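Data first, discussion second: the structure below is written as structure tokens.
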Amino acid sequence: MGSKLSIGLIVSLAGVLFAGAVRPAHAAPPADPCSLLTQAQVSAVLGVDAGAGKHMATTICQWAGPGPA
């Protein structure tokens with residue numbers, strides 16, 4: 001009886017260690033930040049005509065209104 005308990009404990013411990021070592025899979029790549037809002041949505045929030053979104057980095061989009069930056 002003692003050996004069955006020991007084997008069960010070792011298998012359980014190995015399962016816990018394996019589960020903790022596995023990295024979660026990502027379902028989808030990150031979305032294009034400039035596609036998350038439309039030019040019309042940004043214009044409505046800002047109250048001015050915003051230009052098209054421009055990528056500042058892979059995760060950042062910038063919209064600019066009229067006039068100097």
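The values are calculated or read from the model by the stated rules, or taken from the named source; none is laboratory data. Nothing here was measured: the structure is a model prediction, and the numbers come from that model. Using ideal geometry, Cβ is built from the backbone for each residue, glycine included, and neighbour counts are taken over all protein chains shown. With ligands, DNA and RNA removed, areas are computed over all heavy atoms of the protein, side chains included. Shrake-Rupley method; radii C 1.70, N 1.55, O 1.52, S 1.80 Å.
Miscellaneous remarks
- Filtered by the rule that a residue be surrounded by 10 or more Cβ atoms within 10 Å (Cβ to Cβ), assigned to a loop (DSSP other than H, G, I, E, B) and not hydrophobic (A, V, I, L, M, F, W, C), the stretch 32-52 gives 32, 38, 49, 51.
- All positions within the stretch 53-66 that are free of Cβ contacts under 8 Å to residues at least 24 places away in the same chain and either open to solvent by less than 60 Å² (accessible area, probe 1.4 Å) or in contact with a Pro (Cβ under 7 Å, 6 or more places away or on another chain) (or both): 53, 57, 64, 65
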